[in-house]
1. Restricting to the stretch 252-265, name every residue that is more than 23 Å from S227 (Cα to Cα) and not aliphatic (A, V, I, L, M).
2. Here is a check on your reading of the model: is L239 modelled with pLDDT under 95, of a type outside the set (D, E, K, R) and not in a strand (DSSP E or B)?
3. Check every one of the strands (runs of 3 or more DSSP E) wholly within the stretch 1-105 and list those with 3 or more residues that are among the aromatic types (F, W, Y).
4. Mind counting the residues in the stretch 106-141 that are without any contact (Cβ under 8 Å) to a residue 24 or more places away in the chain and assigned to a strand (DSSP E or B)?
5. Among (1) within 26 Å of R96 (Cα to Cα); (2) assigned to a helix (DSSP H, G or I), where does W196 come up short?
6. Go through (1) of a type outside the set (V, I, T); (2) under 24 Å from A21 (Cα atoms); (3) modelled with pLDDT of 95 or more for Q216 and report which single condition fails.
7. Scan the stretch 258-272 and tell me whether some residue there is in a strand (DSSP E or B), modelled with pLDDT of 95 or more and under 25 Å from the mean Cα position of the chain (by Cα).
Amino acid sequence: MGLRLGLPKGSLQQGTFDLLARAGYKCTVSSRSYYPTMDDPEIEPVLMRAQEIPRYAAAGAIDAGLSGLDWIVETDADVVQVCDLIYSKASRRTARWVVAVAQDSQIKSPKDLEGKRIATEVVNVTKKYLAGKGVRAEVEFSWGATEVKVPDMVDAIVELTETGSSLAANDLRILDTVLETNTKLIANRDSWADSWKREKIETLAMLLQGALLGAQKVGLKMNVARSNLEEVLGLIPALRQPTISALTNEEWVAVETVLDEREARDLIPELRKAGAEGIVEYPLNKVIP
């Protein structure tokens, strides 16, 4: 018995393989294959489009998979949403599907979309959004290059963005957010009810979340004279409390802690001023809270 795991092919593929590696799973695939090899013999990975993973998970063709909330909503897939995994091809932030119009468009609010034509890859998501606004509009599927269709072919688009920079570069203005989305680990409901498969999925979730958290953290080690310890500890943020270990010199201790990577640059000089010595910063693969 194995766990059949759907992995996204395309823009998320390399980011997913990198995340799996940080979590401890070595995953490789040849350029023409849809069946990666993984160093866990109990997991059977298969590559498929992220858009299809929720549908196949709901149907039981795969036990679990990585896909976006947007595609879960778009396909109306009845799956277990195990955990959030906030990463993408470009960053570790959530993305948004937004309504965008030309900069000089007379469309100023969602209500102004009444009777208009909208192009998007997420037709069902857009229709649900419009229904929630009480707006009737024509929504058509876009096969790509959606941004160039405004204003000559359609009145508005619903497009995925992280920063909005591409939309602005194409002289488009964001009107509203339709859906905020990020990658999720999802599971088939029958697989989730199976004790062996559920434990396997939960372990995968823990390690993937730990890898994402570890990518944002670093470890710090330093030696501190006991006379300076209180001042140093007052500077250190930590997941819990810093670890303090005795040294052979009884007047000194070793201090070790974990903190956000972005904090280390400013903290290290302050620790040095407070009397810390031999400060070592090191990366972390995983942090399991």
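The values are calculated or read from the model by the stated rules, or taken from the named source; none is laboratory data. Values in this document were obtained by computation on a predicted structure and should not be read as measured data. Glycine gets a Cβ as well: all are built from the backbone with ideal geometry, and neighbour counts include every protein chain shown.
1. Matches in the stretch 252-265: D260, E261, R262, E263, R265.
2. Values: modelled with pLDDT under 95: yes; of a type outside the set (D, E, K, R): yes; not in a strand (DSSP E or B): yes.
So L239 passes the test.
3. No strands (runs of 3 or more DSSP E) qualify here.
4. 4
5. Here W196 clears every test but (1).
6. The number of the failed condition is (3).
7. Narrowing the stretch 258-272 to residues in a strand (DSSP E or B): 258-260.
Retained after the next criterion (residues that are modelled with pLDDT of 95 or more): none.
No, every residue in the stretch 258-272 fails to be in a strand (DSSP E or B), modelled with pLDDT of 95 or more and under 25 Å from the mean Cα position of the chain (by Cα).
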